[in-house]
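The values are calculated or read from the model by the stated rules, or taken from the named source; none is laboratory data. None of these values were measured; they are calculated from a predicted model. So basically every Cβ, Gly included, is an ideal-geometry build from the backbone, and we count neighbours across all protein chains shown.
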């Protein structure tokens, strides 16, 4: 809009509004989705929570003071050591934790690790630890936090074997989230191929694929996993069990997404741009990938994000009942196995900390999926 001699000059507010309209109408679909998603505060908060969890898991060798199998035999089932600045003996400018002493329970006569309020051990940053490889490649020996005198720091306590709960939780976060990502990717590829073929060709091909999909959906999952767990060789390494677990979750997680892709393709396969691509000689795979899928890519992304909680819960539940990963592998489910007894609930409630991570991850993925769904819908107003 330009000013004419017969019209009043454009004000600053009108100029800003005009520029915003021009920017909006010239933006791409993904830019509009990002703008709407950015206004969804709950989804942005969920994305930040997941980002922090992924970051801590990826660089667990740096943030975790110890490895997954390192033990402190002098601090079995020890309570969390919370850094503080003040205690009954005064205050300090540096954070510290109390030392520990071992006492005998008068009832059970078992050795119990207790904090010693008369001893202070100061917390230091960037301390030396056991050699490890960051991301499996970069050699590293420095840890983010520790005690200056070389003593052991257990921020979230230890388990019955004296292993650090904080360190194991960070490593478990990486394992559980990576299984969720890999399982969703495998199921997505299968759903894309199977659902795409059913929705594009229709007819007999669609009928055969739908019957096969229904057979897969009605398979009882728990008995199936019990049989597969029994079939896994006992001499398999933790890496082999990890990949087997990922593949199994992916192979049986595709039917729901495949049916959604099929329904979307059935609704648009008669559109003019699809017919034009077919008349131009494009192959079915190119028509599906280049012309049909981009029309509802945003909804596929939403479905993928919503699938993550189911994968994570499946891995956690199976590992919790002993059908998934096995020690020395560490995941949220493997760690929660130790908290099944009444003794653990009563004497070591900090062993339930991995359950908090499970709840946070599932809620964050659910809220993130809701935000992406609202952002991908042009008729929905993201809050």
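Overview of results
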quantity	calculated
Subset of region 40-81 (residues that are more than 21 Å from residue 154 (Cα to Cα) and more than 23 Å from the chain's Cα centre (by Cα))	none
Identity of the residue in region 117-132, farther than 23 Å from residue 68 by Cα and at pLDDT 85 or above, that ends up surrounded by the fewest Cβ atoms within 10 Å (Cβ to Cβ)	122
Single unsatisfied condition, residue 155 versus (1) assigned to a loop (DSSP other than H, G, I, E, B); (2) more than 23 Å from the chain's Cα centre (by Cα)	(2)
So residue 203, is it touching a residue at least 40 places away in the same chain (Cβ under 8 Å) and either within 30 Å of residue 53 (Cα to Cα) or in the same structural domain as residue 308 (by TED's automatic domain parsing) (or both)	no
Selection within region 88-104 - farther than 17 Å from residue 146 by Cβ and surrounded by 14 or more Cβ atoms within 10 Å (Cβ to Cβ)	101
Among (1) assigned to a strand (DSSP E or B); (2) modelled with pLDDT under 85; (3) surrounded by fewer than 12 Cβ atoms within 10 Å (Cβ to Cβ) - the single one residue 114 does not satisfy	(3)
Single unsatisfied condition, residue 322 versus (1) surrounded by fewer than 19 Cβ atoms within 10 Å (Cβ to Cβ); (2) within 26 Å of residue 225 (Cβ to Cβ); (3) at pLDDT 80 or above; (4) in contact with a helix residue (DSSP H, G or I) (Cβ under 8 Å, 6 or more places away or on another chain)	(3)
Test: residue in region 315-326 that is under 16 Å from residue 365 (Cβ atoms) and in contact (Cβ under 8 Å) with a residue 24 or more places away in the chain	yes
Hey, residue 253 at pLDDT 80 or above and more than 30 Å from residue 328 (Cα to Cα) or not	no
Check on residue 356, free of Cβ contacts under 8 Å to residues at least 24 places away in the same chain and more than 16 Å from the chain's Cα centre (by Cα)	no
Single match in 162, 157 (criterion: buried (at least 19 other Cβ atoms within 10 Å of the Cβ) and under 26 Å from residue 56 (Cβ atoms))	157
From 173, 213, 239, residue being at pLDDT 85 or above, within 20 Å of the chain's Cα centre (by Cα) and part of a helix (DSSP H, G or I)	173
Residue check, residue 73 loosely packed, with under 14 Cβ neighbours inside 10 Å, within 30 Å of residue 343 (Cβ to Cβ) and modelled with pLDDT of 80 or more	yes
Candidate set from region 242-293 (those that are surrounded by 17 or more Cβ atoms within 10 Å (Cβ to Cβ) and in a loop (DSSP other than H, G, I, E, B)); member that is farthest from the chain's Cα centre (by Cα)	269
